[in-house]
Amino acid sequence: MAAMRSNPEKTDRFAYLDALGIDVWRLRGNDEPLEAPDTEQATGSHASWSDIRAEVSNCQKCALHQTRTQTVFGVGSETADWMIIGEAPGAEEDRRGEPFVGRAGKLLDEMLRAVGLDRQTVFIANVLKCRPPGNRDPLADESSQCRAYLDRQIELLKPKLILAVGRIAAQLLLGTDAPLGRLRGRQHKIGPAEIPVVITYHPAYLLRSPAQKRKVWEDLCLARSIVQQASSSRS
Ligand code: URA
């Protein structure tokens, strides 16, 4: 049974929404209690996760291994309902070995908290596990070499929802070159398991274009409703 959130936590959530620049209380008045994340432990998949972790950390499939400080596998719960997929590690992520730890990462944390989540209860990964020098876009060859790792992460995690942030992750996952503005705001499904995917703007873009935060909030609400629906139809 899902835990009910108390009023002080609701106030906290509104503070995060405020940090996002979203007047949610005026817009929606949505004070529905959030579902607590599924905290069941992984059952028997540890070997596979450790295999893929080892493979990623030793990977030399593309030239990025020559310039990386370390690989950035991903972080979070291996039994998470939500999987967040970004583009590639930046300088700070390359230094620390964890995705989304720079300024954009702080905003991603705020986005997650706005829907009652944090980086321990979701799983966060990138399309690329190594930093492209100068933070350039991933090359087609780099994305296709690294794609197998991402696909295996998705297969192991079996998330109830993938939230793809930014154009690079969105286009790769959906196999399209449609602009992000046309992909966000609705549900897509990928793979034989038809995993629901919601696309939204990248937090680094939001830092430059805060006017888009409202759309991101709508995308987060859509994502949350998909997870809630999947959870209630399984119980
Ligand atoms: N941007 C991304 O897409 N991923 C990160 O890990 C950091 C910044």
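Read-outs: derived from the displayed coordinates by stated rules, not from any lab. Not measured: the values here are computed from a predicted model. As a convention, Cβ positions derive from the backbone with ideal geometry for all residues, glycine included, and neighbour counts pool all protein chains shown.
Ordering Leu139, Gln229, Thr71 by Cα displacement along the dipole of region 45-234 toward the positive end leaves Gln229 in first place; charges were set at the Cβ atoms of Lys, Arg (+1) and Asp, Glu (-1).
Scanning residues 5 or more positions from Gly185 or on other chains, those with amide H under 5 Å from its amide H are Ile199, with H placed 1.01 Å from N in the peptide plane. Near the amide H of Asn126, within less than 5 Å, lie the amide hydrogens of Gly86, all on another chain or at least 5 residues away, with H placed in the peptide plane. Computed across region 45-234, the Kirkwood hydrodynamic radius from all distinct Cα-Cα pairs reaches 16.6 Å. The string of couplings for region 182-189 from the Karplus curve (6.51, -1.76, 1.60, θ = phi - 60°) is 8, 9, 6, x, 8, 8, 10, 9 Hz, one whole number per residue in order, with x for Gly and Pro.
One Cα centroid belongs to region 176-235, the other to region 104-151; the line between them spans 15 Å. Distances between placed amide hydrogens fall under 5 Å for Trp82 paired with Phe123, Lys160, all partners being 5 or more residues away or on another chain.
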